[in-house]
1. Does segment 501-633 come out rounded, prolate or oblate by the C-alpha gyration tensor, with a ≥ b ≥ c the root eigenvalues, rounded set by a/c under 1.5 and, if not, prolate when a/b is larger than b/c and oblate if not?
2. How far apart, in nm, are two points set 7 Å out from the Cα along the Cα-to-Cβ line at V295 and at Q266?
3. Between E359 and A168, what is the label-point separation in nm under the 7 Å Cα-to-beta-carbon projection?
4. Under the 0.36 nm per residue contour assumption, what length would be gained going from the current alpha-carbon distance of Y112 and H243 to full extension?
5. Please tell me the relative contact order of the chain in percent, rounded to the nearest whole number, where contacts are Cα pairs under 8 Å and at least six residues apart.
6. With the crude spin-label approximation of a point 7 Å out along Cα→Cβ, what separation in nm comes out for D53 versus A155?
7. Once you have the Cα-Cα distance between L630 and T223, take 0.36 nm times their residue separation minus that, and quote the gain in nm to one decimal.
8. Rounded to a whole number of µm²/s, how large is the Stokes-Einstein D of segment 29-118 at 20 °C and 1.002 mPa s, given Rh as the Kirkwood radius over C-alpha pairs?
Amino acid sequence: MPAAHPAGPLPHHDGSGLHAPQSVELGEAARLRLRIPEAWGRASRVWLRSVHDGEPRYTAAAALGAADGWAWWEAELAVTNPVARYRFLIEAGQQYWSLNAQGLYSRDVSDYADFRLTTYPAAPQWLRRGTMYQVFPDRFARSSAGQNSAAAHPAPDWAVPCDWDTTAVQGASAQTPLQFYGGDLHGITEHLDHIQGLGADIIYLTPFFPARSNHRYDAATFTTVDPLLGGDEALVELVEAAHTRGLKVMGDLTANHSGDAHEWFQRALADPGSEEAGYYYFSADHSSYEAWYGVPSLPKFNWASAGLREKFVLDDDSPVARWLRPPFNLDGWRIDVGNMTGRLGATDLNHEVARLIAERVRAINPDAALLAEATNDAAPDFSGEHWHGAMTYSNFTRPLWAWLSGDAGHVNFFGTPLAGPNRIDAEDFLATHQDLAAAFSWDVRQQNMNALNSHDTARAATVMIDGGQQLGAVLMFTLPGVPVVFAGDEFGLKGDNGEFSRTPMPWNDPARVLADLRGPYTALAALRRDQPALTGGGIRWLYAQGDVLAFIRETSDSAVLVMVARAAVDVHLAAGLLSDRQLAALTLPPAFAAGDIEAGHSAAEHSGAGASFRTGGPAAAAWVLPGVTLPAP
């Protein structure tokens, strides 16, 4: 196992700008830096171990000097492969240590968790720096005025009409996908003040294509916006209004399947000899077909079909291309079930399809964002070559639910057979987080979506201890990645599974507001926007034990220290974790605080010049501190 937390300061590298170049081209040399705390011990020699064409090489590092209690070392990496993998080997006394992206080890470890430096184009800065607000259109808002009002769109034949404020959402019944509340795109446009007021600057829309369900992942066509949502005009109006405010808008596209009512599938079903029949997986006698999770309404695409590739990606009016260009001008896509796309049994075209989509998107708009859902260990599919980041729950959401789990009798724990998350301590949160984040490059990690919950999960307010949602939000906004607010989080809405969590927004019914968290969410979004350390700084964990997590995000100019406690605690950090200037700044009020929390210097009996934190119950805070002092040239 890596060295435990809490501990004194440990050798550190994370791939951020303090330690590595943030862009590099194939064939270049990259200078990589490692820092070793004086309190840990003196290193006699340091090597950079890198892998070139599958073969490890060792390069001696040079000592750069010391500053603020840290000795810095530097080595040169020849970037011979598009993804350059490396770790550090440290000689200290009679001991050799390996440092990779998962931690510090006194034994040899596999290459899987090595640091990664990639040569692929960087993601758009607006994605990395943004705060995302997820909207499930049927449940967000019904437009209120004029000929475009929701009242002008009667419920379709497949739907079960529901009253916005009085009809309960069915979380698990035959009516679940059919309940129709009538939210539309004009309704979103009418509430842009609310979205922007929370500090969000990216709107992520779940699908807007015509379908025969309220979730619309069973698209009946990709050529138009569902008239029930206001049609094409409503999307144009929404995107233009958002862009006027400086907001981005991303769509949601199912590259894994269509709906069974889709025009392609209907032609395929009717004519085994049609071109469209090759877009899907049919049995030899054409009597059955592959579908997502065996759900008949979601027939799976066969990406071995050249015709599908043309129709879905390459044609000018393809779904990938059409909506990124005028007059619609979407700013990017989230690809639904990206981990399953192109995969069936022995067939694995996943990366080939991802590359095809990415090249098409970037040819249309190099500043467009491309994210993909991957609910498993996502890192192997996210090198940075195609998807900019992952919508994944493994490295953040799942361990966070377990650390902050409350006493809910039953919640859907991401499809597992468990009745809910096992409650874990901070040590296990950190171990899980590092294990499942280590194989991402630093670049990709900054674009992964960090969500407390989404339209596919239970709500955090149901899963977590009282006040836990706000504690989780502090981590969501301050850890590396893009914070994602699912509409309704700001009102403390609840739900024990994904479908039940799709509660209509309580615009006109204050009694349905379970906790007004607009103030904390707005403050956290502003903190993240105003502090470069939170959108580009490295991360160094300071403490992870029992009820407490603490870390610092760092640049050379400034830093942000974050401390979160799920109970009343009295914590003392070891000496050497923070510089004298940083310790002094901790005596000032935090930039954000929730609950009863205070910071100060540890008493002498607690090892001298460290920091101390005390809370009266669940609490969290973030302090803006001086940055990292680098050694003089």
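Here, each number is a calculation from the coordinates, and none is a lab measurement. If you're wondering where the values come from, they're calculated on a predicted model, not measured in any experiment. Here the Cβ is made from the backbone with ideal geometry for all residues, glycine too, and neighbour counts use every protein chain on show.
1. oblate
2. 2.1 nm
3. About 5.3 nm, to one decimal.
4. 43.1 nm
5. Numbers: 1489 pairs, mean separation 82.3, N = 633.
Rounded, it is 13 percent for the chain.
6. Calculated label separation equals 6.7 nm.
7. 141.0 nm
8. In µm²/s, the coefficient rounds to 160.
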